[in-house]
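Encoded as C-alpha cells, the structure appears first; notes follow it.
Since every read-out is calculated from the coordinates, none of them should be taken as a lab result. Computed from a prediction, not measured in an experiment: that's the story for all the values here. Positions of Cβ are backbone-derived with ideal geometry, glycine not excepted, and every protein chain shown enters the neighbour counts.
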Amino acid sequence: MPLEALANHGPVVVSSGTELVTRREHIAAQREAHGRLAVAVLPIHYPKEILTALDLLAVELWGPPGAPRGEAAGRLQSYVCALARNALAFLASGGADAVDGVLFPHTCDSIQGLATLAKDFGGWGKTSFTFLHPKGPDRSSARSFVEAEMRSLARELEAFSGHVLEPARLDRAIRLHREIDAHRAALLDGRARLPQGDPELYALLRRGEWLWPEDHLDEIRAARASLRDRPVQRGVPVLVSGYVPEPAAMLEVLDRAGAYVAADDYAAVGRRVVRRADADGPAPGASDDPWARLVDLYFAAPPCSTRSADPAARVRHLEALLDRSGARGVVLHVLKFCEPELFDVPILRRALAAWNVPVLVLEGELEAELSGQAVTRIEAFVEMLS
Amino acid sequence: MSGAVAIGVDVGSTTCKVVAVDAAGRIVAHRVEPTDPRIEPQVDRLLEAVRAEAGPDAPVGATGYGRKRVRAGRALTEITCHARGAFARVGCPGVLVDMGGQDTKVIRIGAAGEVLDFAMNDKCAAGTGRFLEVILGRLRVPLAEVAEQVARAARAVPVSSTCTVFAESEVISLVASGEPLEGIAKGLHQALASRVAALVRSAAGGGEVFMSGGVALNTAMVAALGEALRRPVRVLPEPQLVGALGAALSCAAVHLA
Amino acid sequence: MSPSLARRARYELAGRVAGPLLVSLEAWQRRLRRRGRPREGPFGPPLESVRKLKELMTLHYFQGRYADGAVPVAWVTSGFPVEILRPLGFHAVYPENHAAMCGVQRIVPGLSDAVEAQGYSRDLCSYARTDLGSVATGRTPAGRLPRPDLLACCTNICQTVLYWYRALADHFRVPLVLVDTPYVYGEAKPHHLAYVRDQLEELVCVAERVSGRRVEPQALVEATRKAKEGTDLWAECLATAKQRPAPWTGIDGFFHMAPIVALRGTEACNAYYRLLRDELRDRVRRGIGGVREEKHRLLWDNLPIWFAVREVSTLLAERGFNFVCTSYTNAWAEAGSRIDPANPIGSAARAYTHIILNQDLPNRLGILRRLAREYAVEGAVLHSDRSCKPYSIGQVDLKERLAAELGIRVLLLEADHGDPRAWAPEQGENRLTAFMESFG
C-alpha cells in the first residue's frame, strides 16, 4: 500500500470538485490551480493562520500509523514515540516529496531531536522551519517571545512563499480560521445532537489537517446544518483525551460497543478550538492589531501538555467538558513514550477518581490495527459504563 | 438429562472452556481443552458434547479472545464475564485476579457484582502464566510438581529480569553457577507475583482478593501472590471455569428476562 | 520568610563543626577497616582526592538535614544558572545528583514502584521516577532531604524536567521558577536570548521574595566569578586525561563531577578542584594511570549507567580499556567559556542556552569529534539511554558518522542511567566484550 495512502484518511470529495481526491492529489491540485506551495507540519500546535495568510497549504503529518518503514526506520531507537519514528521514516523515504518544505513545532524533546535529525542529517533537501513554544505559565516574557517567534517564522515563510505578509492578509486569514473554529466548536459542543457516528464525524474534522482551509470551511459549515434540535445519540457518552484518534479503528470499536465521543480533548481536534467563552479578557481575536490578536488566540486555546499547560488548568478544562457533555467515563488515549501526556496522567486520574468518574487508560503506539487486547479493554469499559 | 438453561463458552488463547448451568446457576456440565487454532470446529464439537449431557436447547453466551468467532447469542468481554462468574461464587465484593496462560486480569468487583475498575497486563508475557511455563519448561520442572519444589526451598534466588526471554538466560546462568532449582523456582514465582501485585495496586481497592484462571491451580503461585500483596488470596472453586460460568449466567439472565 | 535564629545556628553548626567532625570520624573508621588489605585489580592506585570529595558531598547532604526553616531551600536542575541564587543564601539541593546516588545504590526500582502505583509510566525518565518516588516514600540514602521553598528549573537539559518539577510543585505547593531556553538550531536568535534574559530577571524577583533578601549586584558578580572559575578548574582536571596514560578513569570523572553541578558558585567547590587538579597533574608527571595498563583509549557519550558503573569500568579496565573523555563531564567545562562576571545576567543567558543538550546535532557531532581527536581515542561507546531522549536521539547517525569520519570503532549500548530493570547484564556485558575483542 503506498505510503501516502496510509497517512490518514482515504480519498475524499473536496467541495470544489466532484471527484474523489487523495491527499497527494489535493496538494498537487493546489499547486497547479492556485500556485500554492505545501508545507508538511509535524505535530502538534503551530500558527496556521500565518501559513494560510501566505497562501501556503499546511499538511499535517500524524504518522503514518503502523511500524516505521524504509531505511530510516532504525534511525530512532525503539523507545522513542511512534509519532517521531514514523514521521522520520516517512520523510526520509520520499513520503514528503509532494511538499516543498517542513515545519517542526517544538512540541517535545523527541520532535526537537527529529527536527535537527531530519534537517541536518536527514539526507533530504527540503527547506525546514521551526516554531518554538514558550514552556511556562503566563508570564510577560512568554507573550513577547511568542510574538517575536511568530514574526520570525512569518519572515522566513515570506521569503519561502514569495509573498509579503501585509496586516490585511493576516487579518483575513485570522477571520477565516476563527470562522472554521466556530463551526468546529458548534459540532463538538452539540455532539449529542449530531446524527453522524464518530468515524464519519472525525473523518470530517480531521480533513482540516490538510485541506485548503476555504475548502474545509465549506464542508464544516454544511455539516453544521445537520445539527438537530434535540439529542439523537443513543450510546454511552464518553470523554476522550489524547493526541490523535489513531488508529481510526478505535472510533469504530467505540461505536460498535455502543458508545460515542460526547466530549473531545484530542490535541489534534478539541485542544485547538478556541471558544469565545474560554478567554478571560476580551473575546479572542477582538484587538485591532492582527499580531496581538494572534498572540491572544495562542494563549486562549484549551490547555495542552505540549504547550506546557498547568495540569490544574487541564483538570478544570476536563471538568467543564464533563459537565457540558454528561460523559459517563473518560478514556485517556496516551501515546507510549510520550512524556508530556504521561506526566499528566496521574494528576488527571486523581481528579477523576475524586469525582467518581471511571477512567480507561489506553496506551497506543500509532499501530496500524488495534490489538485484540485493546479492543477488549474498550469493550469492557463500555460494558462497565452501561 | 439435567435442565441446562444456558451455556457459556470462554475461548481463551490457551484453553477453551465450555460450561452449562441450570436454573439455580449450578454447573451441570463442562469441558476444558487446549484451544485449537481452528476455533469454530472445536467450539461446535464441545458444544455438542455438553449439549448431549445437559440439554440441547440452551442458548450460548461467549467470551474470551475468540468470542467473536462463536455463533452465540451474546458476546461479552472476559472482564464482565469473570466478574459475573466470580460474584456468583463468592457473593461479596472484592478484587479478582485472573491468571490465564497468556494474560492476567485484575477486576474490582462491587457489592452488586458490578465491575468498578479493571486492569490488564501489558502486551508482554512476563506478567502471565506463560512466564512460568516457558522458564520451568526450560528447567524441565513439570508444572504439576513445581509447588512441591517451591515449598522445599530454603530461600528464594532472586530473578531480576523483567522480560521472559532475558529471564530465561538469567536462570540458565543461575543454574550453571550452582544455585538450587527450588530456590530459583521460588524466585520465579516471586518475580511474577510482584508484577501481578503491581497490577492489583493499579486497579486499587481493598477487600478480599480472589483468584481464578489456570495458574490459580498452582499453590506456590497463590502463596507468592498472597505474600506480595500482604493479604490472603482465596482461590475460587473450579478456577478455570469462572469466565465461562459468567458468560453462561449473563446469557441466562438475558433469556429469563 | 524569616528563618528562626536557632535553626540558622544549628544549620551553621552542622556545616562548620558537627558535619566535618562526623565526616572525619567516618573516614577514620574506613581507613581502619582497609588497613592491611593489599591493593588489587586492574585499576591504578586510587585518587587521594576522593576522600575529600566524599567529605565535601557528605557534608553538603548532612548540612541539608538542618536547612528546613534555617535558610531558604531550593531544589535545582543541573543546568540551572544557580549563581543567581547563591547571593540569596539558598541551600541548593540537586535531585539529579540525589537520583544518581540512588542509582549507584541500586534502590531505584523500589522508589519507582511507589510512583508507578500512582500512575506514572515506567517509560518516563528514571531520575524523575527516583525523585518523585523518594518524595512519595520519604526514603533517601542521604538521611533526609530538606523541603524546598523554591523549585528552580531550566529546560536546557530536557523538557522532562519541567513536567517533573511541576509534579514537585504540585506536591510541595511552592513557587516554581522556570528558565525556558529555546533550542538552538544553528545559531541562537536574538529574540531567543532576550527571552532567556527576561526570564532570568523575572526569576530574580521571585527568588528575592521567597528568600526575603535582595540580590546585591556585587554578590552576583562574585558568585558568577566563582562559577566561571569552577568550570575552568574542572576543565583543567579533565584536560589531564589527554596525557598517556590518563591519570584517572572516565568513571572517576563521573563521580568527581558532583561539585561542579551541586556546588557551582562556591569556594568549597573551587578549592576542591584545585586539589584534584594538582593531584592529577602530579600523577601525570609520575606516569601513574587510572588503569594499570592503558592499552586502548575510549570516549563515552551520554550519562553513565549508574547502577553498573563499577562492573562496566572493571570489565574494560581488565583488558586495558579506559574512557579518557566523556561528553557528559565535558559539558561542564564548556559552559564556563561563555560565563562573564562583568555581565552576569546577559552571559548566563548565553552560557546556559548553549549547553550541549540544547544545541543541534551538528554541534554535538562537532564536540564528539573534537574530544575524540584531542584525547586521541581509538573507539567510542554511545550509551543509548532509554530515559534520556535529548541525549539519545541521533545516536544511530552519530555512530555512523564518527566511525566513518574518524575511522574509529563505535558501539551503541542500550541501557538506562538509573533503572537496572532496563539493563540485561549478560547481553550488555557480552556486547562490550565483543566490542573490545574487535580491537584485536
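Key figures for this structure:
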| quantity | calculated |
| --- | --- |
| Region C:88-111 residues near the modelled C:GLN427 label - backbone nitrogen below 20 Å, point 7 Å along Cα→Cβ | C:109 |
| Whichever lysines have a C-alpha closer than 29 Å to that of B:LYS17, once near sequence neighbours (fewer than 8 apart) are set aside | B:LYS68, B:LYS105, B:LYS123 |
| Average Cα contact separation per residue, chain B, under 8 Å, 6 or more apart, as relative contact order % | 25 |
| Cα shape, the protein assembly as shown, gyration tensor, a/c 1.5 rule | oblate |
| Most mobile listed residue (C:SER392, C:SER24, C:SER347) in chain C, GNM with C-alpha springs under 10 Å | C:SER24 |
| Positive minus negative residues near C:LEU303 (Lys, Arg vs Asp, Glu; Cβ under 10 Å) | -4 |
| Positive-pole candidate from C:TRP164, C:LEU365, C:PRO425, dipole of chain C, charges at beta carbon | C:PRO425 |
| DSSP beta bridges in the protein assembly as shown [antiparallel fraction, %, rounded to 5] | 30 |
| Proximal charge balance of B:ARG231 [Cβ under 12 Å; K/R count +1, D/E count -1] | +1 |
| Diffusion coefficient, µm² s⁻¹, Stokes-Einstein with Kirkwood Rh over alpha-carbon pairs of chain B at 10 °C and 1.306 mPa s | 85 |
| C:GLU293 versus B:HIS255: modelled label distance in nm, points set 7 Å from Cα along the beta carbon direction | 8.2 |
| 12 Å beta-carbon shell around C:VAL104, net charge (K/R +1, D/E -1) | +1 |
| Residue order, fewest to most beta carbons within 10 Å, for C:ASP419, C:ASP278 | C:ASP278, C:ASP419 |
| Under-5 Å amide H pairs with A:LEU103, H placed in peptide plane, nonlocal only | A:ALA40, A:VAL41, A:LEU42, A:PHE129 |
| Per DSSP, loop GluC sites (Glu not before Pro) in region C:187-269 with at most 13 further Cβ within 10 Å | C:GLU187 |
| Long pairs among A:LYS119/C:LYS189; C:LYS226/C:LYS389; C:LYS189/C:LYS228; A:LYS48/A:LYS135, criterion Cα-Cα beyond 21 Å | C:LYS226/C:LYS389; C:LYS189/C:LYS228 |
| Using θ = phi - 60° and Karplus 6.51 cos²θ - 1.76 cosθ + 1.60, couplings along region A:145-157 (whole Hz; Gly, Pro as x) | 5, 4, 5, 5, 5, 5, 5, 5, 4, 4, 4, 5, 6 |
| Selected from A:GLN112, A:PHE90, A:HIS26, residue furthest toward positive end of dipole (region A:3-170; charges at beta carbon) | A:GLN112 |
| Karplus-derived 3J(HN,Hα), 6.51/-1.76/1.60, for each residue of region A:60-65, Hz, glycine and proline x | 6, 10, 10, x, x, x |
| Long-range amide H partners of A:LEU132 with built H, under 5 Å | A:HIS106 |
| Prolate/oblate/rounded call for region C:3-437, Cα gyration tensor, a/c under 1.5 rounded | rounded |
| DSSP-defined antiparallel bridges as percent of all bridges, chain B, nearest 5 | 65 |
| Bridge type composition, region A:3-170 - antiparallel percent by DSSP, nearest 5 | 15 |
| B:VAL5 long-range amide H proximity, modeled H, under 5 Å | B:VAL21, B:ASP22, B:ALA23 |
| Check: region C:3-437 dipole with +1 on Lys, Arg Cβ and -1 on Asp, Glu Cβ, in debye | 1380 |
| Low-density loop positions, trypsin sites (Lys or Arg not before Pro), region C:234-299 - DSSP coil, at most 13 other Cβ in 10 Å | C:LYS295 |
| Whether chain A is rounded, prolate or oblate, judged on the alpha carbon gyration tensor where a/c under 1.5 counts as rounded | rounded |
| HN-Hα J in Hz across region A:198-206 - Karplus 6.51, -1.76, 1.60, θ = phi - 60°, x for Gly and Pro | 4, x, 5, 4, 6, 4, 5, 4, 7 |
| Chain C - percent relative contact order, Cα under 8 Å, separation 6 or more | 18 |
| GNM result for chain A, Cα springs below 10 Å: residue of A:ARG178, A:ARG275, A:ARG234 fluctuating most strongly | A:ARG234 |
